[in-house]
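The values are calculated or read from the model by the stated rules, or taken from the named source; none is laboratory data. What you are looking at is a predicted structure, and each value in this text was computed from that prediction instead of being measured. Positions of Cβ are backbone-derived with ideal geometry, glycine not excepted, and every protein chain shown enters the neighbour counts. Heavy atoms of the whole protein, side chains included, go into the accessibility calculation; ligands, DNA and RNA do not. Shrake-Rupley method; radii C 1.70, N 1.55, O 1.52, S 1.80 Å.
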Amino acid sequence: MELTAVGKRYGRGGRWILRDVQLAAGPGELVRIAGANGSGKSTLLRLVAGIERPSTGRVVRPGAAAYVPERFPPALPFDAASYLLRVGRVHGLSEAVARRRSGEWLDRFGIADRAGTPLSRLSKGTCQKVAVAQALIAEARVLLLDEAWTGLDPGARAVLDEAAAERAAAGGTVLFVDHDPARLAGRTSAAYLVGADGGLRPAQEPPEAVDPGGPVMEIEVDVPDGAPLPERLPGAPEATALGGTAVRLAVPAAHSDALLRSLLLGRPAVRVLAVRRREEER
Ligand SMILES: Nc1ncnc2c1ncn2[C@@H]1O[C@H](COP(=O)(O)OP(=O)(O)OP(=O)(O)O)[C@@H](O)[C@H]1O
């Protein structure tokens, strides 16, 4: 995904919201877009999504993007399951795959029992879970999350954290905006700030939020063909070769579920040999 010399203003003579923006993000990247209120973060994501056209410059993306907008319109005449099915079909999924993935995400967000409820009758939080699920079922090469965590309960926020990391681990490119500066801390590959002048510049990432002295999990995996593991895995695990094609990955316990999931769902296909908590004295 690449933006070259992108400028954006709404209407002729309007102020330049974005100016001469260069941004390149490849497979496996998890990128934070920060900036003050009204600086143009949503505009940037809408340009990448293809919903807005740049006033100047060029936007290139590798296929369709999946997008969670800042505001999701819940007043659609569908229930959650049939809405997700339709979105899946728009993304080119077969009916069977769209149905299966919809069911999986409704289940992961703990709302499988509301699959048949009209969107208009869902609570705001449940509706937001559907808004997020509609983007995740696509498994798109580019995933755009605009304040997608807002309105979710803590459990669902953690599911979305994992989902974003999984998409990147599976070779997707993920761009996100969130008001919490610690969101996905330690998992992002880059961060940028939209300035008041419309420019986009690299930003400092906040430090890893996890207590470095906290519990550590060890996950041992076998990579049958000896292929290298992805460079960016959730929790930035410390890897130790165990001989043959086995590797031990050590991560803060807070990241172990996400790491395990991305190992199981990502490439190369690995076999998990052991998962254990590291002994204190080691
Ligand atoms: N469709 C539009 N037409 C005209 N002006 C717009 C449009 N969309 C956004 N703007 C203006 O562009 C500027 C940037 O808006 P944008 O929503 O991209 O910022 P943001 O950084 O995402 O803001 P926030 O953090 O408040 O969500 C704002 O001044 C906004 O009013």
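Please verify whether the stretch 94-102 includes one or more residues that are more than 16 Å from the ligand (Cβ to nearest atom) and in contact (Cβ under 8 Å) with a residue 60 or more places away in the chain.
Filtering the stretch 94-102 for residues more than 16 Å from the ligand (Cβ to nearest atom) gives 94-102.
Of the ones still in play, those that are also in contact (Cβ under 8 Å) with a residue 60 or more places away in the chain are none.
Scanning the stretch 94-102, I find no residue that is more than 16 Å from the ligand (Cβ to nearest atom) and in contact (Cβ under 8 Å) with a residue 60 or more places away in the chain, so the answer is no.
Which one is nearest to GLU162 (Cα to Cα) among residues in the stretch 264-282 that are in contact (Cβ under 8 Å) with a residue 60 or more places away in the chain and open to solvent by less than 70 Å² (accessible area, probe 1.4 Å)? Working first, answer last.
Going residue by residue through the stretch 264-282, those that are in contact (Cβ under 8 Å) with a residue 60 or more places away in the chain are 265-267, 277-278.
Restricting the remaining residues to those that are open to solvent by less than 70 Å² (accessible area, probe 1.4 Å) gives 266, 278.
Working: GLY266: 13, ARG278: 22 Å.
Taking the candidates together, the pick is GLY266.
Hey, any hits in the stretch 7-22 for a residue that's within 23 Å of the chain's Cα centre (by Cα), away from the ligand (no atom under 13 Å from the Cβ) and open to solvent by less than 30 Å² (accessible area, probe 1.4 Å)?
No, the conditions are met nowhere in the stretch 7-22.
Can you report the number of residues in the stretch 43-60 which are open to solvent by 50 Å² or more (accessible area, probe 1.4 Å) and either within 16 Å of ASP146 (Cβ to Cβ) or β-branched (Val, Ile, Thr) (or both)?
Result for the stretch 43-60: 4.
If only one of THR4, THR43 is at pLDDT 95 or above and more than 22 Å from the chain's Cα centre (by Cα), which one is it? It would help to see each step written out before you state the result.
Working: THR43 fails: more than 22 Å from the chain's Cα centre (by Cα).
On inspection, the qualifying residue turns out to be THR4.
Looking at the stretch 80-127, which of its residues are open to solvent by 70 Å² or more (accessible area, probe 1.4 Å) and not small (Gly, Ala, Ser)? Don't jump to the end; show me each part of the working.
First, pick out the residues of the stretch 80-127 that are open to solvent by 70 Å² or more (accessible area, probe 1.4 Å): 86, 89-90, 95-96, 99-100, 104, 107, 113-114, 120-121, 124.
Within the stretch 80-127, ARG86, ARG89, VAL90, GLU95, ARG99, ARG100, GLU104, ASP107, ASP113, ARG114, ARG121, LYS124 meet the criteria.
Can you tell me how many residues in the stretch 23-42 are open to solvent by 30 Å² or more (accessible area, probe 1.4 Å), within 13 Å of LEU200 (Cα to Cα) and part of a loop (DSSP other than H, G, I, E, B)?
Selection size over the stretch 23-42: 1.
Does any residue of the stretch 48-55 turn out to be within 24 Å of THR188 (Cβ to Cβ), part of a loop (DSSP other than H, G, I, E, B) and of a type in the set (A, V, I, L, M, F, W, C)?
So far as the stretch 48-55 goes, yes, one or more of its residues are within 24 Å of THR188 (Cβ to Cβ), part of a loop (DSSP other than H, G, I, E, B) and of a type in the set (A, V, I, L, M, F, W, C).
Kindly check whether there is at least one residue in the stretch 241-258 that is surrounded by 15 or more Cβ atoms within 10 Å (Cβ to Cβ), in a loop (DSSP other than H, G, I, E, B) and more than 15 Å from the chain's Cα centre (by Cα).
yes
Give the residue, chosen from ALA185, ALA191, ALA196, that is modelled with pLDDT of 85 or more and open to solvent by 80 Å² or more (accessible area, probe 1.4 Å). Lay out the reasoning, then the answer.
Working: ALA185 fails: open to solvent by 80 Å² or more (accessible area, probe 1.4 Å); ALA191 fails: open to solvent by 80 Å² or more (accessible area, probe 1.4 Å).
That would be ALA196, the only listed residue that is modelled with pLDDT of 85 or more and open to solvent by 80 Å² or more (accessible area, probe 1.4 Å).
Can you list residue pairs whose Cβ atoms sit under 7 Å apart, with the first residue in the stretch 27-44 being more than 7 Å from the ligand (Cβ to nearest atom) and the second being open to solvent by less than 30 Å² (accessible area, probe 1.4 Å) and among the basic types (Lys, Arg)? Count only pairs 6 or more apart in sequence or on different chains.
ILE33/LYS41
Can you find a residue in the stretch 154-175 that is in contact with a strand residue (DSSP E or B) (Cβ under 9 Å, 6 or more places away or on another chain), away from the ligand (no atom under 16 Å from the Cβ) and open to solvent by 50 Å² or more (accessible area, probe 1.4 Å)?
The answer is no; no qualifying residue exists.
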